[in-house]
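My questions will all concern the structure given below.
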C-alpha cells in the first residue's frame with residue numbers, strides 16, 4: 001500500500017466517523033463541529049483526486065462561511081433539546097429507508113463490475129502539469145460563457161428582488177445625510193462665547 005492510498009483510507013475513515021457523529025450527537029453545537037470536520041475531510045479527499053478547485057470551494061464556502069454562520073445561529077438560539085428528541089423515533093423509519101437506498105446506490109456505483117454492470121471507463125491520467133482549475137476556467141469563459149453570464153444575471157436579479165421585497169421605508173427613523181454633513185460650516189456648529197471671569 002502506497003502513501004496516497006493510506007492517506008485516502010485515513011481520510012475516508014475520519015469522514016465516515018464524523019458523518020455518523022453528525023447524526024448521532026445530542027448537542028447541536030457538537031453536531032455542527034463534526035459537520036465542519038466532515039466537510040474539511042471531504043476537501044482533503046478531493047485534493048487527493050486532483051480536484052483542487054472543488055476542495056478549496058468546499059472549505060471556503062461551507063466551512064468558512066455557511067458553518068460559521070450556522071454555529072453562530074445555533075449558539076445564539078436557546079434550543080430545547082428535549083423537544084427535539086421527541087420526534088426522533090417517528091422519523092426513524094423514513095431515515096432508515098433513505099439510508100438503505102443510499103447504501104444500495106453506493107454499492108452499485110462502487111461494485112458495479114462485480115454485479116455485471118459496466119460503467120464509464122476511467123479517465124486517463126492527465127499528467128503532472130494538468131490543472132483542473134485552469135481547465136474549468138477555460139471551459140466557463142469559452143464554451144459556457146453565455147450560460148455562465150445568464151446564471152450570474154439570474155442570481156443578481158434574485159438578490160435585488162430579495163432586497164426589494166424586504167425593504168421597508170420607515171418615517172420615524174433618524175437618518176444621516178452625508179451631503180449635509182460635508183456642506184456644514186464651522187460657524188453653523190461652533191459658537192464662541194466670551195464670559196467674564198468670576199471672582200470668589
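None of the figures in this text is laboratory data; all of them are computed from the coordinates on show. These numbers come from a predicted model, not from an experiment. For neighbour counting, all protein chains shown are included, and Cβ atoms are generated from backbone atoms with ideal geometry for every residue, glycine included.
No solvent, one uniform scatterer per C-alpha: report log10 I(q)/I(0) for the chain via the Debye equation at q = 0.13, 0.16 1/Å, two decimals.
-1.15, -1.38
Right, something else. I'd like the FRET efficiency for residue 1 and residue 90, computed as 1/(1 + (r/R0)^6) with the beta carbon distance as r and R0 of 45 Å, rounded to 0.05.
Values: r = 45 Å, r/R0 = 0.99.
With R0 = 45 Å, the Cβ-Cβ based efficiency is 0.50.
Let me ask something else about it. Would you mind calculating the gained length between residue 26 and residue 9 on full extension (0.36 nm times residue separation, minus the Cα-Cα distance), in nm to one decimal?
Residue separation times 0.36 nm, minus the Cα-Cα distance, leaves 3.4 nm.
Helix 28-48 versus the longest principal axis of the chain: what angle, 0 to 90°, nearest 10, using Cα atoms?
Tilt of helix 28-48: around 60 degrees.
If I fit a long axis through the Cα atoms of helix 67-76 and take the longest principal axis of the Cα atoms of the chain, what angle between them do I get, 0 to 90°, rounded to 10?
60 degrees
What is the angle, in °, between the Cα long axis of helix 132-141 and the longest principal axis of the Cα atoms in the chain? Nearest 10 is fine, range 0 to 90.
Once rounded, the angle reads 70 degrees.
Which of 152, 18, 12, 194 has the fewest other C-beta atoms within 10 Å, and how do the rest follow up to the most?
In increasing order of surrounding Cβ atoms, one gets 194, 152, 12, 18.
With an 8 Å Cα cut-off and a minimum separation of 6 or more residues, compute the relative contact order for the chain in percent.
Details: 77 pairs, mean separation 26.8, N = 200.
Computed value for the chain: 13 percent relative contact order.
Here's something else I'd like to know. Label points 7 Å out from Cα along the Cβ direction at residue 61 and residue 183: separation in nm?
About 4.6 nm separates the two model spin labels.
Arrange 70, 3 by Cβ neighbour counts within 10 Å, fewest through most, would you?
Working: 70 16, 3 7.
Result, fewest neighbours first: 3, 70.
Moving on to the next point. Please find the FRET efficiency linking residue 45 to residue 172, where r is the Cβ-Cβ separation and R0 is fixed at 41 Å, and quote it to the nearest 0.05. List each step's numbers first, then the result.
Values: r = 55 Å, r/R0 = 1.34.
That pair, residue 45 with residue 172, gives E of 0.15.
Further, regarding this structure: Sort 144, 130, 62 so the one with the fewest other Cβ atoms within 10 Å of its own Cβ comes first.
Values: 144 14, 130 10, 62 19.
Placing the least packed residue first, the sequence is 130, 144, 62.
Per DSSP helix of 4 or more residues, -39500 (n - 2.57); summed, then divided by the residues of the chain. What does that give at 222 nm, rounded to the nearest 500? Present the calculation step by step, with values, prior to reporting the outcome.
Working: 10 runs with 130 residues, N = 200.
Calculated at 222 nm, the ellipticity per residue is -20500 deg cm²/dmol.
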